[in-house]
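The structure appears right after this line, and notes come after that.
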Amino acid sequence: MQTTKVGIREFRENFADYLESRTPVAITRHGSTIGIYVPTKPKPSQADLEALRVAGERMQELIAAAGASEADLKKARRERRTRKG
């Protein structure tokens, strides 16, 4: 992952923007790195979790409509992996 290098003054002035970023930031003073800010993954919102639940239910419906089971899909994946390896 690429790191952005910024001076401490710029980091302080644009702190809110860096908090929203997904890119690590190397903070420098007079050209020397004095710290690194590494953002973490944001917690999913309730709407994101609900959309994921609905998508999972829809996937189960599609699998059932195709006449397959989850066990059939797992078996097919396992067979495909053994052919590749």
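So if I check each of Ile8, Ile34, Ile27, which one is at pLDDT 90 or above and open to solvent by 80 Å² or more (accessible area, probe 1.4 Å)? Reasoning before the result, please.
Numbers: Ile8 fails: open to solvent by 80 Å² or more (accessible area, probe 1.4 Å); Ile27 fails: open to solvent by 80 Å² or more (accessible area, probe 1.4 Å).
Step by step, each of Ile8, Ile34, Ile27 is checked, and only Ile34 is at pLDDT 90 or above and open to solvent by 80 Å² or more (accessible area, probe 1.4 Å).
Name the residues in segment 1-31 that are acidic (Asp, Glu) and over 17 Å from the mean Cα position of the chain (by Cα), would you? Steps first, please.
So the first thing to find is which residues in segment 1-31 are acidic (Asp, Glu), and the list is 10, 13, 17, 20.
Scanning segment 1-31 gives Glu10, Glu13, Asp17.
List pairs: first residue in segment 61-85 and surrounded by 11 or more Cβ atoms within 10 Å (Cβ to Cβ), second residue among the small types (Gly, Ala, Ser) anywhere in the structure, Cβ distance under 6 angstrom, at least six positions apart or on different chains.
Note: no pairs meet the criteria.
Condition check: surrounded by 10 or more Cβ atoms within 10 Å (Cβ to Cβ), of a type in the set (Ser, Thr, Tyr) and either in a loop (DSSP other than H, G, I, E, B) or in contact with a strand residue (DSSP E or B) (Cβ under 7 Å, 6 or more places away or on another chain) (or both). Does Thr40 satisfy that? Quick ask: steps written out before the conclusion?
Working: surrounded by 10 or more Cβ atoms within 10 Å (Cβ to Cβ): no; of a type in the set (Ser, Thr, Tyr): yes; either in a loop (DSSP other than H, G, I, E, B) or in contact with a strand residue (DSSP E or B) (Cβ under 7 Å, 6 or more places away or on another chain) (or both): yes.
So Thr40 fails the test.
The values are calculated or read from the model by the stated rules, or taken from the named source; none is laboratory data. What you are looking at is a predicted structure, and each value in this text was computed from that prediction instead of being measured. Heads up, the Cβs are rebuilt from the backbone with ideal geometry, glycines too, and the neighbour counts pull from every protein chain shown. Side chains included, ligands, DNA and RNA excluded: accessible areas come from the protein's heavy atoms. Shrake-Rupley method; radii C 1.70, N 1.55, O 1.52, S 1.80 Å.
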